[in-house]
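> Structure below; questions to follow.
Nothing in this text is a laboratory measurement; each read-out follows from the coordinates by a stated rule. Not measured: the values here are computed from a predicted model.
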Amino acid sequence: MKKPVLAGILALATSLILAGIGFAQTAGGLSTLRGAGVEDPVPLEQVFQQETQRFTREYRQQPPLIPHSIDQYQVDLKANQCLTCHDWTNAGERNAPTLSMTHYLDRDGTEMDHVAGTRWFCSQCHVPQVNAPALVDNTFESTATR
């Protein structure tokens, strides 16, 4: 007896939530950051190019930015093309920065001789650097300039 009542309440709550979302979207007053609808094309005023000099880090322990394009890099469950240059075994001969030792520690802090699975997908922390204006105004102050 309790299960059908609970299922009915859950169905009613779900219906009300979906109706509320639909109403909120059609009610107007919502705007996008880019000032256009999803289906509307927005012309690019300027394409910002990759910067090759290294940017300074803006706060303590900020992951370094990537000073080169990674558009064609394969990083998936089976391969990580970043490691062809940045793994500690290759970095010296490729003249590339090595990964910090934190990339070779598993979740328990055990040191390994290969990159930990938790650090395998580089772009979850590291992003290509580009000299482009901020998309949204902010009041961030770099700790590097203090």
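> Per DSSP H run of at least 4 residues, take -39500 (n - 2.57); add these up for the chain, divide by its residues and hand me the 222 nm value, nearest 500 deg cm²/dmol.
It comes out at -7000 deg cm²/dmol, rounded to the nearest 500.
> Hey, what did the chain get for relative contact order, percent, Cα under 8 Å, at least 6 apart?
RCO, the chain: 25 percent.
> Right, something else. Name the residue, out of 118, 56, 110, whose mean-square fluctuation peaks in a Gaussian network model built on the chain with Cα pairs under 10 Å.
Result: 110 has the largest fluctuation of those listed.
> Of the residues 135, 18, 77, which exhibits the maximal mean-square fluctuation in a Gaussian network model of the chain defined by a 10 Å Cα contact cut-off?
The residue with the greatest mean-square fluctuation here is 18.
> Okay, moving on. Give the shape of the chain as rounded, prolate or oblate, defined through the alpha-carbon gyration tensor: a ≥ b ≥ c are the square roots of its eigenvalues, a/c under 1.5 means rounded, and otherwise the shape is prolate if a/b is larger than b/c and oblate if not.
Taking the square roots of the gyration eigenvalues as a ≥ b ≥ c, the chain is oblate.
> Just want to confirm a number: the relative contact order over region 48-133, from Cα pairs under 8 angstrom separated by 6+ residues, in percent.
Taking the mean separation of contacting Cα pairs over the length of region 48-133, I get 37 percent.
> Using a 10 angstrom cutoff on alpha carbons, build the Gaussian network for the chain and name the most mobile of 123, 69, 100.
Of 123, 69, 100, the Gaussian network model singles out 100 as fluctuating most.
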